[in-house]
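Scroll down for the structure; my scribbles are underneath it.
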Amino acid sequence: ADYDPEITSLLAKGEFLILRATDAAEVIGKDKFSFLYLPAKFSHTVSGKIDAVFPSDTAPFVKALLLGNTDSFRENLETVSAFSICGVSHIVAVSGMHVAFLVGFLNLLFGKRKSSIISIPVLLFFMALTGFTPSVSRAGIMGIVVVISQLCARENDNITTLSLSLIILLLINPCAVKSISLQLSYASVLGIYLFGNTFNSVLKSRLANRGLFK
């Protein structure tokens, strides 16, 4: 096992040791806590179904979009470059958009009251499914807080919810503050909360003056 405090990207993800296997892995028994690996097993199963259903040039994108698994997607440098040039690389970064769609789908399927109760375990499972990346953890925690506020008939405050999610992540792993993914995720959401309405109003006003918006 090696430990290098300079590897900040690994520290930010909570990986403090690097282990290198000298022999092939061997299954020696069934773990009684195997349910903890259910998200990983589910992800592997869905990934296999995606490979079976979608063409080889499409499957990596679908897996990145749905599961947050970008390993095969990033192997195609041409596709990655095209996404970067077009400025749409964020689409394959599982974050608030995916959580919003998931919660919205549950609302549509079960109704607001029932979905609020169902959403909490579903969001936790989805966070585990996508590997608890900073962006999805931030969005998932914020989603859970919003759901709890609805169940308690309390008004949600965006800045407070955002701050609480950051506190929880840093309590779990203080080194996560070094993660560029975390920094960009929180900076972008904070920018939306602070300046989103202003930019929206200015944009609507300019479009209305040109007759492009009513």
Considering the stretch 169-186 alone, what residues qualify as being at pLDDT 85 or above, open to solvent by 60 Å² or more (accessible area, probe 1.4 Å) and either among the hydrophobic types (A, V, I, L, M, F, W, C) or farther than 23 Å from Lys13 by Cβ (or both)? Leu171, Ile172
On the given criteria, is Val122 open to solvent by less than 40 Å² (accessible area, probe 1.4 Å), modelled with pLDDT of 80 or more and in a helix (DSSP H, G or I)? no
Selection count, the stretch 41-55, where residues are touching a Leu at 6+ places or on another chain (Cβ under 7 Å) and open to solvent by 30 Å² or more (accessible area, probe 1.4 Å): 2
Looking at (1) among the charged types (D, E, K, R); (2) at pLDDT 80 or above; (3) under 24 Å from Cys175 (Cβ atoms), can you tell me which one Asp71 breaks? (2)
With respect to Thr161, determine if the residue is open to solvent by less than 20 Å² (accessible area, probe 1.4 Å), in a helix (DSSP H, G or I) and not charged (D, E, K, R). yes
In this structure, is Leu166 under 19 Å from Ala12 (Cβ atoms) and not polar (S, T, N, Q)? yes
For the stretch 56-113, give me every one of the helices (runs of 4 or more DSSP H) that falls completely inside it and has 3 or more residues that are of a type outside the set (Phe, Trp, Tyr) and surrounded by 13 or more Cβ atoms within 10 Å (Cβ to Cβ). 59-67, 96-110
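The values are calculated or read from the model by the stated rules, or taken from the named source; none is laboratory data. Quick caveat, the model's predicted, so the values are computed rather than measured. In this analysis, Cβ positions are derived from the backbone assuming ideal geometry, glycine residues included, and neighbour counts consider all displayed protein chains. Side chains are part of the model used for accessible areas, which takes the heavy atoms of the whole protein and leaves out ligands, DNA and RNA. Shrake-Rupley method; radii C 1.70, N 1.55, O 1.52, S 1.80 Å.
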